[in-house]
Amino acid sequence: MKPIILYIATSLDGYIARKDGGVDWLPEGEKGMDYGYYAFYDSIDTVLMGNKTYQQLLGFGVAYPYKGKEGFVFTRNKDFTNDENVSYIQEDVVEFTRKLRQGDGKGIWLIGGGEIIKIFLEEGLVDELIVFEMPILLGNGIPLFPESEKEIKLELVNSETYPDGVVELRYKPKTIN
């Protein structure tokens, strides 16, 4: 079974983006420091995200960064058609994902956003969380974890602190109540 990994950056106060979706607060990283991104990127062959996240990504005005990876975007909007980068998925998120992970290949990167992350966590679809806490307090924005009726206990697998103050936390979900 293909593992599903949430690999994401957050402010210390728990936001993944500004209210307008901006991520200008994310550091470039010290020269030569990639926080393990390239090794992680080589370990996956599929990316999953919600439509808001995908549209925001397109709005950055840069080339699509996940070429060569199979991409799926979850949306409720029936008007979207597949493009050169991704396939739009209008069917049930959970059913689609359970089928997808049964295939052969590498890992699946759950990119976001918050509502998709919430569904995946509540349904027990996330195998590992790799969260990078950035040394900044945004004060408001789009939360990493929207409110939920479920409590999810996590087991810390590893942590690493980088010279610029970024903290990498690796968790495995334990129980969902």
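All of the numbers you see were taken from the coordinates with simple rules; none came from a lab. Just so we're clear, the structure is a prediction, and the values are computed from it rather than from any experiment. With ideal geometry, Cβ positions are generated from the backbone for all residues, glycine too; neighbour counts draw on all protein chains shown.
Here are a few things to note about the model shown:
- Relative contact order (percent, whole number), the stretch 59-177, Cα cutoff 8 Å, 6+ residue spacing: 20
- Residues of the stretch 47-78 with amide N under 13 Å of the 7 Å Cα→Cβ point at Lys106: 47, 66-71
- Stretchable slack from Glu168 to Asp34, in nm (0.36 nm times residue separation minus alpha-carbon distance): 47.1 nm
- Formal net charge of residues neighbouring Glu168 (Cβ-Cβ distance under 10 Å; K, R +1; D, E -1): -1
- Rounded, prolate or oblate (a/c below 1.5 giving rounded, otherwise prolate when a/b exceeds b/c) for the chain by Cα gyration tensor: rounded
- Each DSSP beta bridge with both residues in the chain is either parallel or antiparallel, and the antiparallel ones are about 40%.
- Note on Arg18 and Arg76: their simple-model spin labels are 2.8 nm apart, each label 7 Å out from Cα toward Cβ.
- Cross-link partners of Lys118 among lysines (Cα-Cα below 24 Å; sequence separation of 8 or more within a chain): Lys2, Lys19, Lys52, Lys69, Lys78, Lys99, Lys106, Lys150, Lys153, Lys172, Lys174
- Each part reduced to its alpha carbon centroid, the stretch 35-91 and the stretch 1-29 end up 15 Å apart.
- Cβ-based net charge around Leu156, under 14 Å, with every Lys or Arg adding one and every Asp or Glu removing one: -1
- Cα gyration tensor, the stretch 92-135 - rounded (a/c under 1.5), prolate or oblate: oblate
- Expected 222 nm ellipticity per residue - DSSP helices of 4 or more, -39500 (n - 2.57), all of the chain, to 500: -5000 deg cm²/dmol
- Computed magnitude of the charge dipole of the stretch 4-176 (debye, nearest 20; Cβ of K, R +1, Cβ of D, E -1): 240
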